[in-house]
Structure formats: C-alpha cells, structure tokens
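Encoded as structure tokens, here's the structure I'll be asking about.
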Amino acid sequence: MDDELGKILKMIESGVITSEDGQALIKVIDTAHRKVNEVNQGMTGRFLHINVDSHDKEEEVIEINIPLNFARSVLKMGFIQKQIKAQTRTGIELDLDEMIDLLNLDSIGDLITIDRNSANVRIWID
C-alpha cells in the first residue's frame with residue numbers, strides 16, 4: 001500500500017486530484033486490501049478431506065487431506081479418482097466438475113458421502 005499511497009500523494013501535490021479525492025482513493029484501497037486479507041485468512045488452514053473406508057478391512061483405505069487452495073488443481077488431475085478405484089476395487093465414480101463446483105461455493109462441512117456395499121466415501125471441508 002505504501003507505493004499506492006505515494007502515488008496518491010504525488011497526484012495531490014501536483015494538483016491532479018484534490019485532497020478529498022485522495023482521501024476517498026485511500027479509503028477504497030484500504031478496504032480492498034482488508035477484503036483480500038480476509039479472503040486469504042479464510043482459506044488458510046482449510047482442507048479438503050477425503051476418506052474411504054472399506055467394509056472388508058478394519059482400517060481406512062484412503063485418507064487424503066489437501067489444502068483447499070490446492071484442491072481444485074489436484075481434483076482436475078484425476079489422481080484422487082484413480083486412487084479410490086484402485087484401493088477399493090469399486091465402481092465409485094466422482095463427478096470432478098461437480099466437486100470443483102462445490103469447492104467454489106466455499107462451503108464448510110460434508111460435501112459428498114457415498115455408502116456402497118464394499119466401501120464408504122466421505123468428502124468434506126474444514
């Protein structure tokens with residue numbers, strides 16, 4: 001913000017804008033910076049969790065925890081879909097476009113739960 005403030009002060013000094021206009025610009029810039037910081041803080045520490053439990057085994061087959069701001073890219077690569085199919089040997093298909101749409105809603109909590117005879121899939125954000 002220091003660079004932006006310097007530019008505004010130079011515009012006031014050279015008479016390009018009034019001091020009132022400069023004040024208004026500074027308020028707008030400050031508000032924008034605050035909103036960006038709030039969004040960034042909201043994303044920090046949030047994860048997309050994917051757990052797959054097999055009915056045949058006592059333990060979790062898959063446990064994936066991905067930082068939310070990285071999850072969209074990982075989903076697009078299809079890695080998670082392949083892991084679920086390989087580890088559970090089920091026909092569980094995730095609609096990756098739908099998953100990405102759900103991530104874009106910026107929700108918290110359960111997104112998808114699937115209960116099959118051979119496995120359970122739970123996907124959530126916290």
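Any residue at all in region 16-31 that is touching a helix residue (DSSP H, G or I) at 6+ places or on another chain (Cβ under 6 Å), surrounded by 12 or more Cβ atoms within 10 Å (Cβ to Cβ) and at pLDDT below 80?
No, every residue in region 16-31 fails to be touching a helix residue (DSSP H, G or I) at 6+ places or on another chain (Cβ under 6 Å), surrounded by 12 or more Cβ atoms within 10 Å (Cβ to Cβ) and at pLDDT below 80.
Can you go through THR90, THR44 and tell me which one is at pLDDT below 70 and either among the hydrophobic types (A, V, I, L, M, F, W, C) or surrounded by 13 or more Cβ atoms within 10 Å (Cβ to Cβ) (or both)?
Checking each option against the conditions leaves just THR90.
Could you check how many residues of region 47-80 are modelled with pLDDT of 75 or more, open to solvent by 40 Å² or more (accessible area, probe 1.4 Å), out of contact with any Lys or Arg (no Cβ under 9 Å at 6 or more places or on another chain) and not charged (D, E, K, R)?
So the answer is 5.
Quick check on LEU111: is it touching a Gly at 6+ places or on another chain (Cβ under 8 Å) and closer than 13 Å to ILE50 by Cβ?
Spelling it out, it is not the case that LEU111 is touching a Gly at 6+ places or on another chain (Cβ under 8 Å) and closer than 13 Å to ILE50 by Cβ.
The values are calculated or read from the model by the stated rules, or taken from the named source; none is laboratory data. The structure presented is a predicted model; accordingly, all values stated were derived computationally and were not measured. Counting neighbours? That spans all protein chains shown, and the Cβs are built from the backbone with ideal geometry, glycine included. For accessibility, only protein heavy atoms count, side chains too; no ligands or nucleic acids. Shrake-Rupley method; radii C 1.70, N 1.55, O 1.52, S 1.80 Å.
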